[in-house]
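Scroll down for the structure; my scribbles are underneath it.
The values are calculated or read from the model by the stated rules, or taken from the named source; none is laboratory data. Remember, predicted model here, so these are calculated numbers, not experimental data. With ideal geometry, Cβ positions are generated from the backbone for all residues, glycine too; neighbour counts draw on all protein chains shown.
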Amino acid sequence: MKPIIKILIVNGSPKGEYSLTLQHSLYMLGQEKDVEYKVLQASEALSKINFEQSWLESAITDIEWADAIIWNTPVYTMLVPWQLIRLFQLIKAEGRNSIFQGKYATSMMTCFHYYDHLAEDWLRSTSEDLGMAYVEGRTADNMDMLIKTHRASMRFFMNDFVSACRNRDPVERKFMPLPETKSPRFSPALINESREANPKLAEPKLRTVLLTDEIHQDGNLSRMLDVFMDAYPHEIEVIDINEFPYEAGCHGCLKCELVGECDRKDGFQDFYLNLVNTCDVLVFGMNIEDRYLKPIWKLFLDRTFSNGHRTSMMGKHTGYLVAGPLRSLPNVRQFLEGKDNVGRENAMCIIGDEYEDSVYLESLIINSAKRLSQAALAKYQKSVNFLGVGGIKIFRDLIYSMRGVVGDDHRFYKKNGLYDFPQKDLGKQAFNLGMGMAFKLKAVRMEAFERMPEMYIQLHKQILKSGKE
Ligand SMILES: Cc1cc2nc3c(=O)[nH]c(=O)nc-3n(C[C@H](O)[C@H](O)[C@H](O)COP(=O)(O)O)c2cc1C
């Protein structure tokens with residue numbers, strides 16, 4: 001008989017035993033011989049702001065018991081749910097990070113593949129930082145497990161993982177550790193010379209709100225925000241996101257999608273809707289912690305899900321000031337850019353604090369504050385790249401296929417022309433029908449080959465010639 005491998009499924013889904021993801025991990029482990037496993041309902045236990053300290057102690061005992069861990073989690077807001085981040089944060093605060101050292105880990109995630117790579121990268125890099133050997137995980141859509149061939153691959157995956165744990169196979173480390181040095185202290189002249197604040201414009205009005213996790217403290221972020229607020233030509237309303245009286249994290253109940261109301265009764269849904277519906281410009285002040293932003297941001301962002309898939313900042317403008325090792329965390333930047341791109345938010349700057357030269361950083365912030373105002377007044381629309389085009393197509397297909405259930409999202413997608421399926425374009429359909437027939441003839445294809453470069457830009461040339469606006 002082979003030695004028993006003890007595996008802990010850490011369930012990152014706040015839905016607990018009703019988690020779709022959990023069914024996957026249970027199925028795979030149920031097929032394995034010579035394993036013993038337990039489930040730790042981490043996100044369910046850590047959803048409420050107040051949690052039981054005795055629960056944390058027994059969670060630590062469970063982790064110590066295991067040879068290997070399966071991070072079983074849905075993707076929430078392009079990462080894992082806040083509750084799972086909180087588990088790591090609480091164990092770190094207890095000074096118990098060493099409990100993970102030397103264990104094997106992998107992940108099982110379910111989602112709609114919207115930025116699921118960021119979630120797995122975060123889990124992997126966090127596991128690697130803790131000295132774990134992370135084996136590439138699996139991600140499934142909600143119906144995948146119902147397919148026989150998919151289940152065969154799931155069984156292979158788990159068998160392979162258990163065998164890696166049993167044989168202590170070597171595993172590739174994917175991420176560099178984070179730098180130990182902090183960003184240089186930002187010392188702007190604005191603060192050194194205590195200049196008078198620049199007067200603000202009464203007109204034109206741009207309702208501008210700053211959402212931040214730090215303000216007027218002795219930190220780079222506070223100093224960056226002071227410079228920004230001084231240079232920005234309009235009044236800025238400051239909201240410290242730590243101060244909202246959150247009742248709990250999002251627990252994925254989908255009451256917001258089905259009934260329209262958030263299940264949490266702390267007023268967050270009204271607060272957030274009112275904010276995004278009335279502001280023209282949102283500025284974010286964010287501190288990085290470990291490999292993401294401060295966890296309070298994840299609590300905040302998960303709760304914004306109560307607005308469904310309606311891109312509430314569409315056509316508006318944003319700016320991000322970030323303190324911490326942003327250059328070592330390209331995924332944090334990608335998260336911000338992706339959020340901006342999909343939401344058509346027009347982020348006019350994402351500025352980190354890793355500059356040796358405070359004068360340079362100061363002028364960058366001052367310049368960006370002015371550009372943000374100018375872009376918002378001009379209603380400048382940024383172009384989108386793969387992050388936005390890809391993301392919005394995932395949502396488009398999801399909302400369309402669920403339109404009977406997610407009526408509010410469906411109406412929003414229709415109203416905003418986001419249902420851009422190629423099969424709905426009658427002109428293109430007629431074109432392809434005609435071309436499909438004509439292209440059967442080689443002579444036509446030769447003619448197209450010869451004339452293609454010129455024809456491809458024919459209409460663009462006409463615009464150039466006419467000098468049209
Ligand atoms: C608050 C919230 C945020 C979500 N964000 C994402 C996301 O960013 N990407 C994605 O692909 N799916 C997202 N989803 C969908 C869930 O990942 C998906 O429904 C998952 O299968 C739920 O798994 P569970 O039943 O184990 O909790 C989100 C769902 C909720 C409730």
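Pairing each residue of the stretch 109-127 that is touching a residue at least 60 places away in the same chain (Cβ under 8 Å) and within 12 Å of the ligand (Cβ to nearest atom) with any residue that is small (Gly, Ala, Ser) and not in a helix (DSSP H, G or I), provided the two are 6+ apart or on different chains, yields C-beta distances under 6 Å for Thr110/Ala140. Taking the stretch 237-255 as the range and being β-branched (Val, Ile, Thr) and buried (at least 18 other Cβ atoms within 10 Å of the Cβ) as the test, only Ile241 passes. In this structure, is Phe431 closer than 30 Å to Leu258 by Cβ and out of contact with any His (no Cβ under 6 Å at 6 or more places or on another chain)? No, not satisfied.
Would you check if Glu203 is farther than 28 Å from Leu84 by Cβ and either at pLDDT below 95 or in a helix (DSSP H, G or I) (or both)? Don't jump to the end; show me each part of the working.
Numbers: farther than 28 Å from Leu84 by Cβ: yes; either at pLDDT below 95 or in a helix (DSSP H, G or I) (or both): yes.
Yes.
One residue stands out among those in the stretch 352-374 that are of a type in the set (A, V, I, L, M, F, W, C) and surrounded by fewer than 20 Cβ atoms within 10 Å (Cβ to Cβ): the one that is nearest to Arg207 (Cα to Cα), which is Ile366.
Counting only residues that are more than 35 Å from the chain's Cα centre (by Cα), assigned to a loop (DSSP other than H, G, I, E, B) and at pLDDT below 90, how many does the stretch 395-447 have? I'd like the intermediate steps shown before the answer.
Residues of the stretch 395-447 that are more than 35 Å from the chain's Cα centre (by Cα), as a first pass: 426-427, 429-447.
Then drop every residue that is not assigned to a loop (DSSP other than H, G, I, E, B), which leaves 439-441.
This time we only want the ones that are at pLDDT below 90, so: none.
Residues in the stretch 395-447 being more than 35 Å from the chain's Cα centre (by Cα), assigned to a loop (DSSP other than H, G, I, E, B) and at pLDDT below 90: 0 in total.
If you go through the stretch 211-233 and pick out every residue that is small (Gly, Ala, Ser) and more than 16 Å from Ser363 (Cβ to Cβ), you end up with 2. Only one entry of Ile63, Ile91, Ile9, Ile69 meets the criterion of being surrounded by 15 or more Cβ atoms within 10 Å (Cβ to Cβ), more than 25 Å from the chain's Cα centre (by Cα), more than 8 Å from the ligand (Cβ to nearest atom) and on the phi < 0 side of the Ramachandran plot, and that entry is Ile63.
Does Ile85 meet the test of being in a helix (DSSP H, G or I), among the β-branched types (Val, Ile, Thr), out of contact with any Gly (no Cβ under 6 Å at 6 or more places or on another chain) and in the same structural domain as Ile9 (by TED's automatic domain parsing)? Yes; evaluated as a whole, the condition is true for this residue. For first residues located in the stretch 201-218 and of a type in the set (Lys, Arg), partners that are in a loop (DSSP other than H, G, I, E, B) and lie 6+ apart or on another chain with Cβ distances below 6 Å form the pairs Arg207/Cys279; Arg207/Asp280.
Of the residues making up the stretch 131-168, just one is of a type in the set (Val, Ile, Thr), free of Cβ contacts under 8 Å to residues at least 40 places away in the same chain and part of a helix (DSSP H, G or I), namely Thr149. So, Ile392, is that one modelled with pLDDT of 95 or more and β-branched (Val, Ile, Thr) or not? So Ile392 does not fit the description; no. I'd like to check something: does the stretch 138-157 contain any residue that is more than 15 Å from the ligand (Cβ to nearest atom), over 21 Å from Gly30 (Cβ atoms) and more than 25 Å from the chain's Cα centre (by Cα)? Looking for residues that are more than 15 Å from the ligand (Cβ to nearest atom), over 21 Å from Gly30 (Cβ atoms) and more than 25 Å from the chain's Cα centre (by Cα), one finds none in the stretch 138-157, hence no.
Is it true that some residue in the stretch 329-340 is touching a helix residue (DSSP H, G or I) at 6+ places or on another chain (Cβ under 7 Å), at pLDDT below 95 and of a type outside the set (Lys, Arg)? No, the stretch 329-340 has no match at all. Taking the criterion of being assigned to a helix (DSSP H, G or I), farther than 17 Å from Thr212 by Cα, away from the ligand (no atom under 14 Å from the Cβ) and in contact (Cβ under 8 Å) with a residue 24 or more places away in the chain, the residues of the stretch 289-339 that qualify are Arg327, Ser328, Glu337.
I need the full set of residues from the stretch 146-170 which are farther than 17 Å from Val10 by Cβ and buried (at least 17 other Cβ atoms within 10 Å of the Cβ), in order please.
Met154, Phe157, Ala164, Arg166
Going by what's in this entry, would Gln53 be described as closer than 30 Å to Asp266 by Cβ and either within 14 Å of the ligand (Cβ to nearest atom) or not charged (D, E, K, R) (or both)? Considered against the rule, which asks whether it is closer than 30 Å to Asp266 by Cβ and either within 14 Å of the ligand (Cβ to nearest atom) or not charged (D, E, K, R) (or both), Gln53 comes out as yes.
Taken over the stretch 374-394, the criterion of being in a helix (DSSP H, G or I), free of Cβ contacts under 8 Å to residues at least 40 places away in the same chain and closer than 21 Å to Asp280 by Cβ is satisfied by Gln374 alone.
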